[in-house]
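Student: First, the structure itself, so that you have it in front of you.
The values are calculated or read from the model by the stated rules, or taken from the named source; none is laboratory data. Computed from a predicted model, the values in this text were never measured in an experiment. FYI the Cβ positions are ideal-geometry reconstructions off the backbone, even for glycines, and counts take in every protein chain you see. Just so you know, the surface numbers come from the protein's heavy atoms only, side chains and all, with ligands and any DNA or RNA stripped out. Shrake-Rupley method; radii C 1.70, N 1.55, O 1.52, S 1.80 Å.
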Amino acid sequence: MLAAFSVEIGDPDFWWHLKTGEYIWQNRALPAPDPFAFTTYRSAPLYDGEEIVRDFNLKHEWLAQVVLYLAHRAGGFPGVIVLRQLLLAALCLLVGLAVRRRCGGFYRPLMAALATASVAAFVTADRPYLFTYLFLAASIAILEYRRWLWLLPPILAIWANCHSGFFLGWVVMGVYCAETLLERRRGRPAADERRLLIVTAVAVLASALNPTGWRVFQALLLYRQSPMQSSIMEWKPPKFWELSSFTVVLYCSAAVLLWARKRVRLKDWLLFALFAAAALSAARNIILVGILGGIVLGSYAPSRRALPLSAAFLALLVAADGFGWRQWGSAFRYRVNDWAYPSGAAEFLLRHKVAAPMFNIYDQGGYLIWRLWPHQRVFMDGRALNETAFQDGQRIAYNADPKDGKPGAEELLDRYGIQVILMPLFDRSGEVYLLPAALADPVQKEWKLVYRDAAGVVFMRQPPAGVQPLPSLEALVAMEEQCAAILNHGGYPGCARSAADIFARIGDARRAAHWQHIFQQHPGRSKKPIEAR
C-alpha cells in the first residue's frame with residue numbers, strides 16, 4: 001500500500017492548493033478577494049450563481065490547504081507525499097477496523113483493506129479531498145464501534161473546514177440513524193439510540209462552523225449549470241464498462257450483496273446505493289465505492305471454513321502484486337513530476353522581473369501561481385473562478401478565428417491586454433495548441449519568442465531589456481522536444497501524429513514523415529488519449 005500511495009506529485013491542482021495554504025498561513029486571512037488571477041472579477045457572471053460558486057471555491061478548503069503547506073514547509077515535497085501515504089493508509093486501516101468490529105478475525109479485514117487500497121491507489125492526487133476520504137472512513141468506523149460517538153461533532157467541525165465533502169458525514173450518520181429507528185419499530189431498540197440521535201444532531205450543527213456554512217449544497221447544485229465544471233474530466237462519469245479496480249470492487253460488491261441479501265443490513269443497502277450512484281455520476285467519486293465496497297466484501301463475502309496459515313502468505317503475495325510490484329517503477333518517488341511543468345519558463349520570467357499581463361492555459365495556472373506570485377498573476381487556473389475567462393482562454397489557446405459573433409484569439413489577447421504568452425505546445429490529448437504554432441510563423445512580427453524548452457515557450461510583445469529574441473521557428477523545435485519528453489515518460493503518442501500534421505501543413509515533408517513514423521511504431525497508439533479539459 002505504501003508503494004501504491006507514494007507516486008510522485010503530478011496533479012496540476014496541487015500547486016494552487018499549496019500556494020493558498022501558504023497565503024493563509026502567512027496572512028492569517030482567507031484568499032478572498034482572489035489575489036492570484038487578474039481575470040477573476042473581470043467579466044459579468046455567465047450564469048446565475050457564479051459569484052456564489054466563486055466565493056465558495058475560494059474558502060471551503062482552507063484548513064486542508066494549510067496542512068498541505070505545513071507538510072511542505074516541514075519536509076518539502078517528500079513531506080507532502082508522506083502525508084498522502086499516511087492519510088490513505090489510515091483510510092484502509094479504518095475500513096479494515098470497521099470490518100473487524102463486525103466479523104472479527106484477520107482475513108476479512110485484510111480483504112476489506114486491500115479492496116479499498118486497490119481503488120485508493122488511483123486517487124493519489126495531493127488535494128484536500130484526501131481528508132474527506134479519511135474522515136468518511138473514520139465516521140463509519142466510529143459508528144460501527146459505538147464507543148466514541150462523541151468524536152463525531154469535532155470531526156465534522158474539522159472536516160467542514162477541510163473539504164466540502166463533509167456532507168457525506170451527514171449521509172452516513174443519517175443512514176445509521178434510519179437503521180436504528182427501523183429497529184425500534186421492529187421492537188429491537190438499541191441501547192444507545194438516544195445518544196446516537198443527539199450526537200448526529202450536534203455533529204450536523206458543528207459542521208456549520210466554517211467560512212461557507214452549509215452553502216455546499218447550493219454550490220453543488222450550481223456546479224451543474226457551470227460549463228467549465230462540466231468540461232473537467234473528474235466530473236464526468238467513469239468508464240464503468242472497462243476492467244479496473246473500481247469496476248471489480250463495484251460489481252463484486254453488488255454480487256455479494258445480492259448473494260447475502262437475507263442478512264445484509266439496511267445501512268449497507270442504502271450506503272451502497274447512494275455511493276454507487278455518486279461514483280457512476282462522476283469519476284472523482286469512485287473512492288466511495290472503494291470504501292463501502294471494502295466493507296461489503298469483508299462483511300458478506302462467502303466463507304466455508306477458517307483459512308489455513310498459508311493463506312496469510314498468499315494474501316501478502318496478492319497485496320504485493322497488486323500494490324507493490326506492478327507499481328514499483330513509480331513507487332517511493334518522493335519528488336515532483338517536474339518535467340511536465342514550465343519551471344524553466346517561470347525562472348526566466350522571475351529572472352527578468354516580468355510582471356506584464358500573462359496568458360497561460362488552465363492546467364498550468366496552479367503551478368504558475370506557486371512559482372510566480374506575488375510578482376505575476378495568472379490568466380486562469382484550476383480553481384475555476386471565471387467562466388468567461390475560461391472560455392476565452394480556450395479560444396486563445398487554440399487560436400480560434402472570429403465566428404458567430406465570438407471574438408478571435410487576436411482580439412481577445414488585445415482585450416485582456418496580454419503582453420506575455422507562456423504555453424506548452426500540446427494539450428493532454430496530444431493535440432497541438434495552435435496559438436504558439438501560429439506565432440512560430442516568421443511572417444508575424446508582433447510577438448517575439450524569448451524562451452523555449454521541452455516544457456513550453458514564452459512569447460512577448462516587448463522582450464525584457466538585454467534579451468535577444470530567438471528565431472520564431474524554434475518554437476517548432478520546442479514542439480518536437482516536448483513530444484519526445486511526453487513519449488519518454490510514457491504519455492499518449494498522439495503528440496507525434498499532431499506534430500506530423502503541423503509539419504505537413506508547412507511543407508516540411510522530412511519532419512512530417514519522421515513523426516508519423518514514430519506514431520505508427522509506438523505501442524501505445526491504440527490506447528485512448530487522456531481528454532483535455
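Student: Just for segment 252-267: of the residues that are farther than 14 Å from residue 298 by Cβ and not in a loop (DSSP other than H, G, I, E, B), which one is farthest from the chain's Cα centre (by Cα)?
Tutor: Taking the candidates together, the pick is 259.
Student: Would you please name the residue that is modelled with the lowest pLDDT, looking only at residues in segment 230-251 that are of a type in the set (A, V, I, L, M) and more than 19 Å from the chain's Cα centre (by Cα)?
Tutor: 243
Student: When the residues of segment 191-222 are filtered to those that are more than 30 Å from residue 56 (Cα to Cα) and loosely packed, with under 15 Cβ neighbours inside 10 Å, which remaining residue is farthest from the chain's Cα centre (by Cα)?
Tutor: The selected residue is 191.
Residue-wise test of (1) closer than 27 Å to residue 37 by Cβ; (2) aliphatic (A, V, I, L, M); (3) more than 27 Å from the chain's Cα centre (by Cα).
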site: 419; (1), (2), (3): yes, no, yes
site: 438; (1), (2), (3): yes, yes, yes
site: 449; (1), (2), (3): yes, yes, yes
site: 480; (1), (2), (3): no, no, yes
site: 496; (1), (2), (3): no, yes, no
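Student: I've got another one for you. Find the residue count for segment 1-32, including only residues that are in contact with a Phe, Trp or Tyr (Cβ under 7 Å, 6 or more places away or on another chain) and in a loop (DSSP other than H, G, I, E, B).
Tutor: Of the residues in segment 1-32, 7 are in contact with a Phe, Trp or Tyr (Cβ under 7 Å, 6 or more places away or on another chain) and in a loop (DSSP other than H, G, I, E, B).
Student: On to the next question. For segment 461-469, does any single residue satisfy the condition of being free of Cβ contacts under 8 Å to residues at least 40 places away in the same chain, open to solvent by 20 Å² or more (accessible area, probe 1.4 Å) and of a type in the set (S, T, N, Q)?
Tutor: Looking through segment 461-469, at least one residue is free of Cβ contacts under 8 Å to residues at least 40 places away in the same chain, open to solvent by 20 Å² or more (accessible area, probe 1.4 Å) and of a type in the set (S, T, N, Q).
Student: Ok, one more. Among the candidates 146, 108, 127, single out the residue that is at pLDDT 95 or above and either in contact with a Leu (Cβ under 9 Å, 6 or more places away or on another chain) or open to solvent by less than 20 Å² (accessible area, probe 1.4 Å) (or both).
Tutor: Every option except 127 fails the conditions.
Student: A further question on this structure: Are there any pairs, at least 6 apart or on different chains, whose C-beta atoms fall under 6 Å, with the first in segment 77-105 and over 17 Å from residue 115 (Cα atoms) and the second part of a helix (DSSP H, G or I) and among the hydrophobic types (A, V, I, L, M, F, W, C), and if so, which?
Tutor: Cβ pairs passing all conditions: 79/71; 80/71; 83/71.
Student: Please name all residue pairs, on different chains or six or more residues apart, with Cβ atoms under 8 Å, provided the first residue is in segment 228-254 and is of a type in the set (Asp, Glu) and the second residue is assigned to a helix (DSSP H, G or I) and crowded, with 18+ Cβ neighbours inside 10 Å.
Tutor: Between residues of segment 228-254 that are of a type in the set (Asp, Glu) and residues that are assigned to a helix (DSSP H, G or I) and crowded, with 18+ Cβ neighbours inside 10 Å, the close pairs are 234/283; 234/284.
Student: Out of segment 442-453, which residues are modelled with pLDDT of 95 or more and out of contact with any Leu (no Cβ under 6 Å at 6 or more places or on another chain)?
Tutor: 446, 448, 450, 451, 452, 453
Student: Might you check whether a residue that is open to solvent by 30 Å² or more (accessible area, probe 1.4 Å), in a helix (DSSP H, G or I) and free of Cβ contacts under 8 Å to residues at least 60 places away in the same chain occurs anywhere in segment 488-501?
Tutor: yes
Student: Taking the options 265, 335, name whichever one is touching a strand residue (DSSP E or B) at 6+ places or on another chain (Cβ under 8 Å) and either at pLDDT 90 or above or surrounded by fewer than 16 Cβ atoms within 10 Å (Cβ to Cβ) (or both).
Tutor: From the options 265, 335, the qualifying one is 335.
Student: A further question on this structure: Within the set of pairs 6 or more residues apart or between chains, which connect a residue that is within 13 Å of residue 499 (Cα to Cα) and assigned to a loop (DSSP other than H, G, I, E, B) inside segment 419-430 to a residue that is open to solvent by 10 Å² or more (accessible area, probe 1.4 Å) and among the basic types (Lys, Arg) with Cβ atoms less than 8 Å apart?
Tutor: Sorted first by the residue in segment 419-430, then by its partner, the pairs are 430/497.
Student: Within segment 234-249, which residues are in a loop (DSSP other than H, G, I, E, B) and touching a Pro at 6+ places or on another chain (Cβ under 9 Å)?
Tutor: Within segment 234-249, just 244 meets the criteria.
Yes or no, residue by residue, for (1) open to solvent by less than 20 Å² (accessible area, probe 1.4 Å); (2) over 21 Å from residue 506 (Cα atoms):
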site: 359; (1), (2): yes, yes
site: 362; (1), (2): yes, yes
site: 370; (1), (2): no, yes
site: 398; (1), (2): no, no
site: 412; (1), (2): yes, yes
site: 417; (1), (2): no, yes
site: 421; (1), (2): yes, yes
site: 434; (1), (2): no, no
site: 439; (1), (2): yes, no
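Student: Working only within segment 470-487, note down all residues that are open to solvent by 40 Å² or more (accessible area, probe 1.4 Å) and not acidic (Asp, Glu).
Tutor: Those that are open to solvent by 40 Å² or more (accessible area, probe 1.4 Å) and not acidic (Asp, Glu): 470, 471, 473, 477.
Student: Residue 395 versus (1) part of a helix (DSSP H, G or I); (2) in contact with a Cys (Cβ under 8 Å, 6 or more places away or on another chain): which is the lone unmet condition?
Tutor: All conditions are met except number (2).
Student: How many residues, within segment 400-410, are open to solvent by 70 Å² or more (accessible area, probe 1.4 Å) and either aromatic (Phe, Trp, Tyr) or in a helix (DSSP H, G or I) (or both)?
Tutor: Residues flagged as open to solvent by 70 Å² or more (accessible area, probe 1.4 Å) and either aromatic (Phe, Trp, Tyr) or in a helix (DSSP H, G or I) (or both) within segment 400-410 amount to 1.
Student: Against the definition (open to solvent by 20 Å² or more (accessible area, probe 1.4 Å), modelled with pLDDT of 95 or more and among the hydrophobic types (A, V, I, L, M, F, W, C)), how does residue 158 come out, yes or no?
Tutor: yes
Student: With the checklist (1) open to solvent by 10 Å² or more (accessible area, probe 1.4 Å); (2) within 22 Å of residue 343 (Cα to Cα); (3) at pLDDT 95 or above in hand, flag the one item residue 428 doesn't pass.
Tutor: (3)
Student: Something else about it: Checking the conditions here, which among 168, 114 is touching a Phe, Trp or Tyr at 6+ places or on another chain (Cβ under 9 Å), modelled with pLDDT under 95, open to solvent by 20 Å² or more (accessible area, probe 1.4 Å) and in a helix (DSSP H, G or I)?
Tutor: 114 is the lone residue from the list that is touching a Phe, Trp or Tyr at 6+ places or on another chain (Cβ under 9 Å), modelled with pLDDT under 95, open to solvent by 20 Å² or more (accessible area, probe 1.4 Å) and in a helix (DSSP H, G or I).
Student: I need a count of the residues in segment 70-105 that are assigned to a helix (DSSP H, G or I), of a type outside the set (A, V, I, L, M, F, W, C) and either open to solvent by less than 40 Å² (accessible area, probe 1.4 Å) or closer than 26 Å to residue 161 by Cα (or both).
Tutor: The number of residues fulfilling the criteria is 9.
Student: Give me the pairs: first residue in segment 49-60 and under 14 Å from residue 382 (Cα atoms) and open to solvent by less than 20 Å² (accessible area, probe 1.4 Å), second residue aromatic (Phe, Trp, Tyr) and assigned to a helix (DSSP H, G or I), beta-carbon distance under 7 Å, and six or more apart or on different chains, which are they?
Tutor: 53/223
Student: Can you find, within segment 35-61, the residue that is modelled with the lowest pLDDT among those that are charged (D, E, K, R), over 15 Å from residue 225 (Cα atoms) and not in a helix (DSSP H, G or I)?
Tutor: Checked segment 35-61; the qualifying residue modelled with the lowest pLDDT is 42.
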